[in-house]
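In what follows, a single structure is set out as structure tokens and then discussed.
Where a number appears in this text, it was derived from the coordinates with a stated rule and is not lab data. This one's a predicted model, so the numbers in the text were calculated from it and none came from an experiment. FYI the Cβ positions are ideal-geometry reconstructions off the backbone, even for glycines, and counts take in every protein chain you see.
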Amino acid sequence: MLDQAMLDKLLKFGVDHGASDVHFEVGAPPTYRIKGELLKAKVEPLTPEATLTIGEIILADRKLDLTELFPEQDATYSIPGLSRFRVSVFRQRGSVGCVLRVVPLEIQRIEELNLPSVLKDIANARRGLVLITGATGTGKSTTIAAMLQHVNDTRKAHIITIEDPIEFLFENAQSMIIQREVATDTHDYRSGMIAALRQDPDIIMLGEVRDQTTAAICLKAAETGHLVITTLHTPDVTSTIKRFTGFFERDDTQLARLAEVLQAVVSLRLVPKADMSGVVPAVEIMRVTHTLQECIREVEKHGEILDHLGKGREMYGMQTFDQHLSEMVRNQVVALETAKEAATRPGELERALLVE
């Protein structure tokens, strides 16, 4: 019979084998995402009773009756000394399902994650807005954690995080860090952000911009002298600008506000390594210059943003996905076909590599 000890054993197996996610769904055995591939455990498929038990263990403090209809639940689960997990508990075809994202106990540094060192400079900004973007599972939370840890290691700053749920746990080093969880420590993102402005922050990290209200509060916080770091589920820099301004129906006033406070956009895509030993981040980076401020202010110039990123690599540390992918192909980190699949302009990437 499945109990907490068995659940922990299944999760430990995943952590020990480098899984990024663990799936528990009716009709399939426990399934692990390892090096980007879904691999099924060699055990019997899970029954509705088994996944129900898993959900009840994870949500024990919520006092929910999972046999009844319930909304999706985001939560965390911990195995002391091993790992933390960010959990989504849901219903599918009348049964409970759970997906757990592995959150390491130790926060990796920027260089350990193979992220560009310019992210340290971005994290050191004293005010403004920084957007970390990418699809689900591309490493947004891990990247932000590494950036905040860099600040924690090097600066005496007051950092407030507002998360749903809390993922990485920070210990104070040079900085002082407050971590607040939605539904536990604050009612919602909006309430947490408003309160944070009264708590003497240097940096506010908001888990995600979900609507116009949180977008507006992020702008206000950035305008009043704080550094705000948050995420959007957008695939690249240009679409991030369009999505953020779309919260305000591309109002000229809001475009001007965004242009004034935006410090940087960092977009992430994970791609398999050439030796298939794991995945590596491909990163697109925009640091806002006067020229890019003009592009942000004027909707008709949004299409020019990508070209300016390519031109700003040497001076500002900016880069397009295709530039980073080309570099990784040249260094034999990523195979050419893999890079083409992840590229924004696959044909141009291949031509650029061929003429070198």
Among GluC sites (Glu not before Pro) in the stretch 52-121, those in a DSSP loop whose Cβ has at most 16 other Cβ atoms within 10 Å are 68, 72, 106, 111, 112
GNM of the chain, Cα pairs under 10 angstrom: of 23, 226, 187, the biggest fluctuation goes to 187
With a ≥ b ≥ c from the Cα gyration tensor eigenvalues, square-rooted, and the rule rounded for a/c under 1.5, otherwise prolate when a/b > b/c and oblate otherwise, the stretch 198-310 is oblate
Amide H contacts under 5 Å for residue 46, restricted to residues at least 5 apart in sequence or on another chain and with H modeled in the peptide plane, are 27, 28
Kirkwood Rh for the stretch 285-341 from C-alpha pairs, in Å, is 12.3 Å
Checked against the positive end of the charge dipole of the stretch 180-297 (+1 on Cβ of Lys and Arg, -1 on Cβ of Asp and Glu, about the Cα centre), the farthest of 227, 296, 214 is 296
The aspartates and glutamates whose Cα lies under 19 Å from the Cα of residue 63, excluding any fewer than 8 residues away in the same chain, are 3, 49, 72, 74, 164, 181, 185
Sorted by chain and number, the residues with a modelled amide H under 5 Å from that of residue 132, at a separation of 5 or more or across chains, are 230, 231, 232, 266
In Å³ per residue, the alpha-carbon convex hull of the stretch 123-176 encloses 86 Å³
Among (i) 37, 32, 18; (ii) 35, 27, 19; (iii) 36, 22, 20, the value of semi-axes √(5λ) of the Cα gyration tensor in Å computed for this structure carries the label (ii)
proj_area_mean for the stretch 63-115 (convex hull on C-alpha atoms), units nm², value 5.3 nm²
When the charge dipole of the stretch 4-104 is computed with +1 at the Cβ of Lys and Arg and -1 at the Cβ of Asp and Glu, the Cα pointing farthest to the positive end, of 22, 55, 76, is that of 22
A convex hull over the alpha carbons of the stretch 92-143 yields, per residue, a volume in Å³ of 131 Å³
About its Cα centre, the chain carries a charge dipole, from +1 on Lys and Arg Cβ atoms and -1 on Asp and Glu Cβ atoms, whose size in debye to the nearest 20 is 300 debye
Going residue by residue through the stretch 32-38, the Karplus relation 6.51 cos²θ - 1.76 cosθ + 1.60 with θ = phi - 60° gives ³J(HN,Hα) values, rounded to whole Hz and with x marking Gly or Pro, of 10, 8, 10, 6, x, 9, 8
The percentage of Cα-Cα pairs in the stretch 4-104 separated by more than 20 Å is 32 percent
Counting sequence-distant residues (5 or more places) and residues on other chains, those with an amide H built under 5 Å from that of residue 180 are 161, 162, 163
Note to self: C-alpha centroids of the stretch 86-142 and the stretch 29-80 sit apart, in Å, by 21 Å
